[in-house]
Amino acid sequence: MKHLYGPVPSRRLGVSLGLDIIPLKVCSLNCVYCQLGTRGVPTLRRRSYFPLAEFFNELEERRPDLPRLDYATFSGSGEPTLNADLAELIKGTRRLLKAPICVITNGTLTPDEAVRADLSLADLIMPSLDAATQPVFEAINRPAAGLLIADVIEGLVALRREFSGKLWLEILLVAGMNDSEAELNALIAATERIAPDTVQLNTVVRPPTESTAEPLSPERLNEIARRFTVPVETLTAYHGAGTKHRSLDLYAEIIAYLGRRPATLTDLATMLGESEETISAHLEKLIVTRRVLPPDSAGGYFRVKE
Ligand code: SF4
C-alpha cells in the first residue's frame, strides 16, 4: 500500500501532503455520493492495517523532496479513524515533517472517547455531517449497522469541547435528500451545539456514484448558508463529495500520482475517484503539454515526463 500522495494545492488547505492510511473504501458509511464507489460493507471496527515502519519509511524517503507544507492531511481511500494506529501515525508524522496535521473524517467514530483523543492530536479536524435525523442519515450516508446520528452529534459536541485546535465541519447537501425544511432546521440546530470554527456547505458537483444524488443550485446553497448562525462558507467551486478525499486540482493530482508510480487509466480513475472519461480528458491535455508520456504499448501505463 502506498501512503503518500501529492503534495497538491488545495484552496482550503494550501500545500497539502495527502496521507492515506486506509485500504480502498474501508468506511463506516456508504454515502450515496461517494466517489470511491459502493464496494465494501460499512464497518465500525478499528484495526491496524500495515506496519508503522512501512508508513514512516515512505515518509522518510519523500521528506528530502518535499516543499514547505501547509498541512499533512490524513484522508484518502476510506475513513482514517478506522485505523487503530492513528495516534502513532499523527505523532510520528508531526515529528518527521514538522508540519501542521489535518484529519479529514466522516466523524462517525467520535462517540468513542479514544477516537476523540486520537483526533485531538491534530491541528485541524474536518469532520462531515450530512444529516441530523436518523431516517435521512440512513438514506444519504447508509451507515454501519447500529450507528445513530444522535450519538455522532453528541460525539462531535464532545470533540469540540475537548479539542482546542481548528474544527471545520463540512455539510454536503443533496437535492431531495437532506435539504427539506425539517432537516435543514435540525442540521442548523446541530451546528449550533457543535460550534465549529466554520461550516463548509457543499453540494454534489461531479457525476456521483448514485444517480439519485443531485446537486443544489448555487443560489439555493447561498440561500441556505444565510440561515446558519455559525460562520459558514459555500464550496460550490469544489468537486463535490470528493473534497473529502482529494483536492480541487485534478491535474496536480494526476501528476502527483504518476510521480510516485506509473498507472493505467483504470488505476487513476479508481484512485482519484473520477470517471475514466474525465481522467482521459485530463491526461490528453497533460500529454499535449508534455507533462505526461503517452501510455506504453505493453500495459497501457502512463508515466510523468522526467
Ligand atoms: S464519501 Fe467518504 S464517508 Fe462517505 S462512504 Fe465514501 S469514503 Fe465513506
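The values are calculated or read from the model by the stated rules, or taken from the named source; none is laboratory data. Values in this document were obtained by computation on a predicted structure and should not be read as measured data. Using ideal geometry, Cβ is built from the backbone for each residue, glycine included, and neighbour counts are taken over all protein chains shown.
Could you tell me whether residue 142 is under 28 Å from residue 278 (Cα atoms) and basic (Lys, Arg)?
The answer is yes for residue 142.
Right, residue 104: in a strand (DSSP E or B) and either closer than 24 Å to residue 10 by Cα or of a type in the set (D, E, K, R) (or both) or not?
So residue 104 passes the test.
Per-residue answers, yes or no, for (1) modelled with pLDDT under 95; (2) within 13 Å of the ligand (Cβ to nearest atom); (3) assigned to a helix (DSSP H, G or I); (4) surrounded by 14 or more Cβ atoms within 10 Å (Cβ to Cβ):
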site	(1), (2), (3), (4)
143	no, yes, no, yes
147	no, yes, no, yes
152	no, yes, yes, yes
155	no, no, yes, yes
169	no, no, no, yes
184	no, no, yes, yes
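Considering only the range 272-290, state which residues are at pLDDT 80 or above and surrounded by 15 or more Cβ atoms within 10 Å (Cβ to Cβ).
279, 283, 287
Pairs please, first residue from the range 276-288 and closer than 15 Å to residue 253 by Cα, second anywhere and basic (Lys, Arg) and surrounded by 14 or more Cβ atoms within 10 Å (Cβ to Cβ), Cβ atoms under 9 Å, 6+ apart in sequence or on different chains.
Correct list of pairs: 278/206; 285/291.
Does residue 115 satisfy the condition of being within 16 Å of the ligand (Cβ to nearest atom) and not in a helix (DSSP H, G or I)?
For residue 115, the condition - within 16 Å of the ligand (Cβ to nearest atom) and not in a helix (DSSP H, G or I) - is not met.
Tell me which residues, restricted to the range 1-20, are farther than 15 Å from residue 53 by Cα and at pLDDT below 85.
5, 6, 7, 8, 9, 10, 11, 12, 13, 14
Residues of the range 63-85 being closer than 13 Å to residue 47 by Cα and away from the ligand (no atom under 16 Å from the Cβ), which ones?
Across the range 63-85, the qualifying residues are 84, 85.
Kindly indicate whether residue 213 is surrounded by 15 or more Cβ atoms within 10 Å (Cβ to Cβ), within 26 Å of residue 128 (Cα to Cα), touching a Ser or Thr at 6+ places or on another chain (Cβ under 7 Å) and at pLDDT below 85.
No: the conditions fail for residue 213.
For residue 90, are the conditions met, namely being among the hydrophobic types (A, V, I, L, M, F, W, C), more than 16 Å from the ligand (Cβ to nearest atom) and within 25 Å of residue 169 (Cβ to Cβ)?
yes
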